[in-house]
Amino acid sequence: MRDSDLPIRAGILRGLPALVTELGGEGDALLAAYGFDAEQIAQHDAFVSLRRVEQLLEDGASRLGVPDLGLRMAAQQDLHILGPLAIAMENAATVGDALLSADRFLFVLSPALSHEVIADPLGNQSLVALRYASTTGTVSPQSIDYGLGLVHRVVSVVSGGGSYGLRSVQLPHGRIAPEAVYREYFGADVSFDSPEAILRIPRQLLGVPVVGGNEVLRDIAVDFLESHFGQDEVPMTDLVLAILEGQPGPDRPDLAKVARLLSLHPRSLQRLLVAEGAGFKELVDRVRREQARKLIRTTKMSFSQIAVQVGLREQSSLTRAVQRWFGTSPSALRRDADDASR
């Protein structure tokens, strides 16, 4: 799979239709031109091609004649598109701890994105730099502006709001909007055609406490991230499982739909899963088994209702599946759970 085809959570486009409409365009039509729709981007576990998102932002900026579309997206975006990562950052002990969470887990948003605290590239010992990067092999100015603009907003939020002492900004593309627009958004000097996308901030900011942070919420969010995504990248198997678990029952997507959500050809998806030692039918069966076990043991739903809920045609199909999975019948599995709770 090419880096430019790596997936990104569709939620990254939330707010774009409304913004495009506000700017005089047709938001839904722009989404449709790239195969997206409002329902898809509202889904927490839907994935799309990062390459197509980059193309959409570039095309939208061109059509609307709005060269700062990426910055406008960042300015109005709900930070909770980051999911549990946003919770972990907002409840960290210090700004440095919040940024460390971003370093570790930004790949959950997309395995093609990274964030890192590095030494100041200009050698100022009192500063550090926040580096935002993409591995797509191309530099989409709008997506870089959007991504680094979002990092700027997150740092502002976790440091208490307002100015946090940003010294300067470096962008790896040429100036595409008036320099005053960039300066107004970031509140600092901006240089273009730089080697990397960077925010230069005071080193002492890393030790500033996060106002209103809740240690319990932070621990819950980090535990979730570590248990679900405690690796250097998101395996394709995990992406497929996330999609299947998020859409249970008869509406659970088939191979073709999951491939479409990931912007892959079905055969390409199958090959990637096989390379990780899994198969699509095996993953469907795994998700179905766990959902059936939970519904049988923890609810009073009829077995025919459970069969429908997990995507089986009838109760007899559930009976055969439970016998294969657990070596017993649905009624015995429920009875054992009831006995254990007494």
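Structure notes:
- Residue that is aliphatic (A, V, I, L, M), assigned to a helix (DSSP H, G or I) and either over 17 Å from the mean Cα position of the chain (by Cα) or modelled with pLDDT under 90 (or both), where the choices are 61, 92: 61
- Only residues that are farther than 20 Å from residue 253 by Cα, surrounded by 15 or more Cβ atoms within 10 Å (Cβ to Cβ) and among the hydrophobic types (A, V, I, L, M, F, W, C) were counted across region 296-319, and they come to 2.
- Checked against the criterion of being surrounded by fewer than 21 Cβ atoms within 10 Å (Cβ to Cβ), under 21 Å from residue 97 (Cβ atoms), out of contact with any Phe, Trp or Tyr (no Cβ under 9 Å at 6 or more places or on another chain) and charged (D, E, K, R), region 146-161 has at least one qualifying residue.
- Search result, residues across region 307-322 that are more than 11 Å from residue 333 (Cβ to Cβ) and not small (Gly, Ala, Ser): 308, 309, 310, 312, 313, 314, 315, 320
- Boolean, residue 39 is of a type outside the set (A, V, I, L, M, F, W, C), free of Cβ contacts under 8 Å to residues at least 60 places away in the same chain, on the phi < 0 side of the Ramachandran plot and not assigned by TED's automatic domain parsing to the domain that holds residue 275: yes
- Subset of region 317-331 (residues that are among the small types (Gly, Ala, Ser) and either under 10 Å from residue 296 (Cα atoms) or outside the structural domain of residue 288 (by TED's automatic domain parsing) (or both)): 331
- Residue list for region 304-325, filter: outside any loop (DSSP other than H, G, I, E, B), β-branched (Val, Ile, Thr) and either free of Cβ contacts under 8 Å to residues at least 12 places away in the same chain or closer than 17 Å to residue 290 by Cβ (or both): 306, 308, 322
- All of 122, 166, 127 fail the test of being surrounded by fewer than 15 Cβ atoms within 10 Å (Cβ to Cβ), in contact with a Lys or Arg (Cβ under 8 Å, 6 or more places away or on another chain), in the same structural domain as residue 201 (by TED's automatic domain parsing) and at pLDDT 95 or above, apart from 122.
- Tally of residues being aromatic (Phe, Trp, Tyr) and more than 18 Å from residue 84 (Cα to Cα) across region 99-149: 2
- The residue of region 187-218 that is surrounded by the most Cβ atoms within 10 Å (Cβ to Cβ), among those that are under 10 Å from residue 91 (Cα atoms) and out of contact with any helix residue (DSSP H, G or I) (no Cβ under 9 Å at 6 or more places or on another chain), is 215.
- Residue match in region 86-99 (condition: closer than 16 Å to residue 8 by Cα, of a type outside the set (A, V, I, L, M, F, W, C) and buried (at least 21 other Cβ atoms within 10 Å of the Cβ)): no
- Restricting attention to region 287-303, the residues that are without any contact (Cβ under 8 Å) to a residue 40 or more places away in the chain and either among the hydrophobic types (A, V, I, L, M, F, W, C) or closer than 24 Å to residue 243 by Cβ (or both) add up to 10.
- Here residue 275 meets each of (1) surrounded by fewer than 17 Cβ atoms within 10 Å (Cβ to Cβ); (2) over 30 Å from residue 48 (Cβ atoms) with one exception, condition (2).
- Within region 44-82, tally of residues that are under 24 Å from residue 258 (Cα atoms), buried (at least 20 other Cβ atoms within 10 Å of the Cβ) and not β-branched (Val, Ile, Thr): 9
- Some residue of region 64-86 being of a type in the set (A, V, I, L, M), assigned by TED's automatic domain parsing to the domain that holds residue 179, in a loop (DSSP other than H, G, I, E, B) and farther than 26 Å from residue 175 by Cβ: no
The values are calculated or read from the model by the stated rules, or taken from the named source; none is laboratory data. Worth saying up front: this structure is predicted, and the values here are computed from it rather than measured. Because the Cβ atoms are built from the backbone with ideal geometry, glycine has one as well, and the counts that use them run over all protein chains shown.
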